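Before we start, here is the structure in question, set down as structure tokens.
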């Protein structure tokens with residue numbers, strides 16, 4: 001059994017790295033650089049999009065952070081990251097990959113969807129996305145209920161990074177939630193490993 005993880009420490013690969021540490025299986029990390037090895041033929045054969053993260057598990061290629069995290073939760077059930085409530089899991093994973101990702105990206109780019117055009121975008125408005133996340137986390141300590149799951153790795157990272165970079169507003173429910181999940185030892189390990197890969201100087 002082999003896991004080969006392609007990433008860059010200044011990318012969404014950090015989210016997948018956290019998940020790999022949560023899973024606890026041995027993996028090999030291969031760093032690819034923007035504009036060079038990330039666009040080289042060898043890597044484009046793995047991910048034609050020329051972006052990270054990507055994972056190869058026993059020869060099978062998985063790309064897209066949400067897909068990789070879902071795959072790992074399913075492939076390694078002993079880690080306990082796939083919750084019993086599958087409906088909640090798939091709901092929030094795809095909410096993160098769809099409305100949250102699109103809304104946060106548009107906000108970072110300064111794209112303001114006028115009210116009369118909100119029906120054309122899958123997330124409607126940033127306010128709707130934020131309110132939806134907040135409403136869930138006011139009901140349960142984790143997205144899928146009372147236990148931490150892979151959905152918290154993916155969507156929780158978006159909330160944490162979003163607050164840090166001011167693309168998601170800080171609310172008490174978000175800061176409390178991020179405080180709970182960011183205290184996990186697996187995140188500390190993955191952060192240290194990523195920081196060690198950052199360019200020096």
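Okay, residues lined up against (1) crowded, with 18+ Cβ neighbours inside 10 Å; (2) in contact with a helix residue (DSSP H, G or I) (Cβ under 6 Å, 6 or more places away or on another chain):
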residue: 62; (1), (2): yes, yes
residue: 71; (1), (2): no, no
residue: 92; (1), (2): yes, yes
residue: 96; (1), (2): yes, yes
residue: 128; (1), (2): no, no
residue: 133; (1), (2): yes, no
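A further question follows. Report, by residue number, each residue of segment 38-53 that is more than 19 Å from the chain's Cα centre (by Cα) and surrounded by fewer than 16 Cβ atoms within 10 Å (Cβ to Cβ).
39, 40, 41, 42, 44, 45, 48
Do any residues in segment 46-57 that are more than 15 Å from residue 10 (Cα to Cα) have Cβ atoms under 8 Å from those of residues that are in a loop (DSSP other than H, G, I, E, B) and modelled with pLDDT under 95, where the two are at least six apart or on different chains, and which pairs are they?
Matching pairs, first to second residue: 56/2; 57/1; 57/2.
Does residue 173 count as crowded, with 18+ Cβ neighbours inside 10 Å and either in contact with a strand residue (DSSP E or B) (Cβ under 9 Å, 6 or more places away or on another chain) or modelled with pLDDT of 95 or more (or both)?
Against the criterion (crowded, with 18+ Cβ neighbours inside 10 Å and either in contact with a strand residue (DSSP E or B) (Cβ under 9 Å, 6 or more places away or on another chain) or modelled with pLDDT of 95 or more (or both)), residue 173 does not qualify.
Out of (1) within 21 Å of residue 22 (Cα to Cα); (2) touching a residue at least 60 places away in the same chain (Cβ under 8 Å), what's the single condition that is false for residue 183?
The number of the failed condition is (2).
Residues in segment 147-164: is at least one surrounded by fewer than 17 Cβ atoms within 10 Å (Cβ to Cβ), touching a residue at least 40 places away in the same chain (Cβ under 8 Å) and farther than 20 Å from residue 72 by Cβ?
no
A follow-up question, please. From (1) in contact (Cβ under 8 Å) with a residue 24 or more places away in the chain; (2) buried (at least 16 other Cβ atoms within 10 Å of the Cβ); (3) not in a loop (DSSP other than H, G, I, E, B), pick out the condition that doesn't hold for residue 106.
(1)
Yes/no per residue for (1) modelled with pLDDT of 95 or more; (2) part of a helix (DSSP H, G or I):
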{"residue": "98", "(1), (2)": "yes, yes"}
{"residue": "122", "(1), (2)": "no, no"}
{"residue": "148", "(1), (2)": "yes, no"}
{"residue": "157", "(1), (2)": "yes, yes"}
{"residue": "180", "(1), (2)": "yes, yes"}
{"residue": "201", "(1), (2)": "no, no"}
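I would also like to ask the following. Just one of 80, 24, 35, 50 is at pLDDT below 95 and on the phi > 0 side of the Ramachandran plot; which is it?
Selected residue: 35, the only one of 80, 24, 35, 50 that is at pLDDT below 95 and on the phi > 0 side of the Ramachandran plot.
The values are calculated or read from the model by the stated rules, or taken from the named source; none is laboratory data. Only a predicted model underlies this, so the values are computations on that prediction, with no experimental measurement involved. Every residue, glycine among them, receives a Cβ derived from its backbone with ideal geometry; neighbour counts consider all protein chains shown.
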